[in-house]
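The values are calculated or read from the model by the stated rules, or taken from the named source; none is laboratory data. What you see is a predicted model, and the numbers here were worked out from it, not measured in a lab. Don't worry about glycine lacking a Cβ; one is built from the backbone with ideal geometry, like all the others, and counts go over all protein chains shown. When the accessible area is computed, the model is the full protein with side chains, heavy atoms only, and any ligands, DNA or RNA have been set aside. Shrake-Rupley method; radii C 1.70, N 1.55, O 1.52, S 1.80 Å.
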Amino acid sequence: MNEYDSDRIHNALDVELTGNPKDADYIIVNTCAIREKADQKALSSLGRYKHLKSNNPELIIGIAGCVAQLYGKKLLKQMPYLDFVLGPRAIPNLPQIISEIETKNTRKIDISFDIEEVFEVNPFHEEGRVSAFVSIQQGCNKRCAYCIVPTVRGNEVNRPMEDIVKETVYLLSKGVREITLIGQTVNSWKQDKYKFGDLLRTVGELEGLERLRFTTSYPRDITKRMVDAMKEVREVCSHIHLPVQSGSDDVLKLMNRTYSRQWYLDSVNRLRDAIPDIAISTDMIIGFPGETDSDFEQTLSLLDEVEFESSFSFKYSPRPGTVGEKLAKTDSIDDKISGERLSIFQEKQKYYTLKKNLERIGKIEEVLVEGFSKHDNNYLFGRTTHNRIMNFEGGGNLVGKTVNVRVEEGLPNSLRGVIPN
Ligand code: 5AD
């Protein structure tokens, strides 16, 4: 989501990127507020650019994104060298803001939510990319107790199908072969009589599209229409990222996830019944206030039961103004215990990721080639439909193409293969 917004900021300004901050006319730090660490990183990175103003008094420094939204005016007070604060919904106003700063020599803040056309500015697209994001939704209507997103990105706004198609067609005309539809709860997308499954079918049919992915799905919003489309549309990849957050019913309830462990497991079964070798990945929060040893055991046993291909796991981080923050005042989990639980979970996940990679040995996988491997120019890399990285020997003429590759090796985080003779 943030990468996408950074590319939108780039496009809104219609400027060239410079690799060196010293050469910049504008420095904009786009920020994430999901956990405290990201939030602090964003603020400290701003400080690094302050001294550049002494050599270049015209330099404009701004903060964008969710941290900008969260702290607003306070940031202007704290950082006298900061010229503007821009929330994630206000990106279309950026050109106006910059021009006012330049002509009136003032400082600006725009953290308004009432911008009608939140999708007005499409992202800058770098030529040659095989895979691209298309945003279909801004904000979120769920109220998960740990989460800052609704506070900083506002309520759910769904992008009209026509605009989604238009942006996708543009990207396909530029050589993109794989589209990932993005939204906070991407599968809750709807427009009048159209639901997410209909969108998958419509985008899936577009000329030149090889692969369709989407992220992130909310378990409660999985419908028959969605699963049928996933099964029937050839372009939709056999992978779903389906954050569960905890394996314990008590913790799920405290988190306000609105589903139970069994409900989640039933959804997994539903997906696997329809698409037997679908890869399922997840997000997990460890150490949510009130999480007991036995709750954590439930999380481990859920991992054993589902055997996620991969997961992102995080130590719970209290966020300002959330219900979780209040719970943390009385029921917070000792940092050392959270840390221990997190590494136990991650070790177990490593085992399953490797196990799943080893299971692919000998199989032929379709790989959409994205480019040359970083370490060796004789090697290409791409992804399998299950979203695994595959490295294999080959030439540059294959970039952007889908090739069959036989898996030779399963590594902890990737596969290695050969193009069969
Ligand atoms: N603390 C830790 N992890 C969080 N996430 C969201 N909010 C928090 C928080 N306060 C995680 C969730 C989500 C992912 C994007 O970040 O697992 O799915």
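Note the per residue figure in Å³ for the convex hull of the C-alpha positions in the chain. Could you put the intermediate results ahead of the total?
Values: hull volume 65.4 nm³, N = 421.
Roughly 155 Å³ of hull volume per residue.
Each of L265 and K336 was given a label point 7 Å from its Cα along the Cα-to-Cβ line. The distance between the two points is 3.4 nm. Taken one residue at a time, the phi angles of region 293-307 give Karplus couplings (6.51, -1.76, 1.60, θ = phi - 60°) of 4, 6, 4, 5, 4, 5, 5, 5, 6, 5, 4, 4, 6, 7, 6 Hz. Gly and Pro are set to x. Overall form of region 59-153: oblate. Here a/c, set by the Cα gyration tensor axes a ≥ b ≥ c, is 1.5 or more, and a/b is not larger than b/c.
Dipole check for the chain: with +1 at the C-beta of Lys and Arg, -1 at the C-beta of Asp and Glu, and the Cα centre as origin, the magnitude is about 640 Debye. Can you pull the percent of the chain's accessible area that's carbon plus sulfur, 1.4 Å probe, other chains left in place? Solvent-exposed carbon and sulfur of the chain make up 48 percent of the total. Under the convention that each Lys and Arg Cβ holds +1 and each Asp and Glu Cβ holds -1, the size of the dipole of region 2-110 around its Cα centre is about 640 debye.
Cβ distances below 4.7 Å define possible disulfide partners, and in the chain the cysteines left without one are C32, C66, C140, C237.
Can you give the extra length, in nm with one decimal, that the chain gains between Y4 and E409 once fully stretched, where that is 0.36 nm per residue apart less the Cα-Cα distance?
Additional length available on full extension: 142.5 nm.
Between K348 and Q78, what length in nm is gained on full extension when 0.36 nm per residue of separation is reduced by their alpha carbon distance? Intermediate results must be reported in sequence, preceding the final value.
Numbers: separation 270, 0.36 × 270 = 97.20 nm, distance 4.32 nm.
Gain on stretching K348 to Q78: 92.9 nm.
Restricting attention to the chain, close to 40% of DSSP beta bridges with both partner residues there are antiparallel. Computed from backbone phi, the HN-Hα couplings of region 135-145 come to 6, 10, 6, 10, x, 7, 9, 7, 10, 5, 5 Hz, rounded to whole numbers (Karplus: 6.51 cos²θ - 1.76 cosθ + 1.60, θ = phi - 60°; Gly and Pro given as x). Residue-wise HN-Hα couplings along region 266-283, as the Karplus relation 6.51 cos²θ - 1.76 cosθ + 1.60 with θ = phi - 60° gives them from phi, are 5, 5, 4, 5, 4, 5, 6, 5, 6, 10, x, 9, 4, 8, 10, 10, 8, 10 Hz; Gly and Pro carry x. In percent, rounded to a whole number, the relative contact order of the chain is 10, using alpha-carbon pairs under 8 Å and six or more apart.
Nearest 500 deg cm²/dmol is fine: what mean residue ellipticity at 222 nm does the chain get from its DSSP H runs of n ≥ 4 alone, each adding -39,500 (n - 2.57), divided by its residue count? Walk me through the numbers on the way to the answer.
Numbers: 15 runs with 156 residues, N = 421.
Result for the chain: -11000 deg cm²/dmol, rounded to the nearest 500.
Think of the chain as a dipole: +1 on every Lys or Arg Cβ, -1 on every Asp or Glu Cβ, centred on the Cα centre; then among Q69, S135, V176, Q69 lies furthest on the positive end.
Would you mind working out the magnitude of the charge dipole of region 279-345 relative to its Cα centre, with +1 at each Lys and Arg C-beta and -1 at each Asp and Glu C-beta, to the nearest 20 Debye? Provide the component values of the computation, followed by the final result.
Values: 6 positive and 14 negative charges, 95 e Å.
I would put it at about 460 debye.
Looking at the chain, the accessible area is 48 square angstrom per residue; that uses a 1.4 Å probe and ignores ligands, DNA and RNA.
Please give me the summed charge of the neighbours of S99: other residues whose Cβ is under 15 Å from its Cβ, Lys and Arg +1, Asp and Glu -1. The partial results should precede the final answer.
Values: positive: K104, R107, K108; negative: D14, D25, E58, D83, E100, E102, D110.
Taking every other residue near S99 into account, the sum is -4.
Protection proxy ranking, highest mean first, for peptides 51-60, 175-184: 175-184, 51-60, where packing is the per-residue count of other beta-carbon atoms within 10 Å, averaged.
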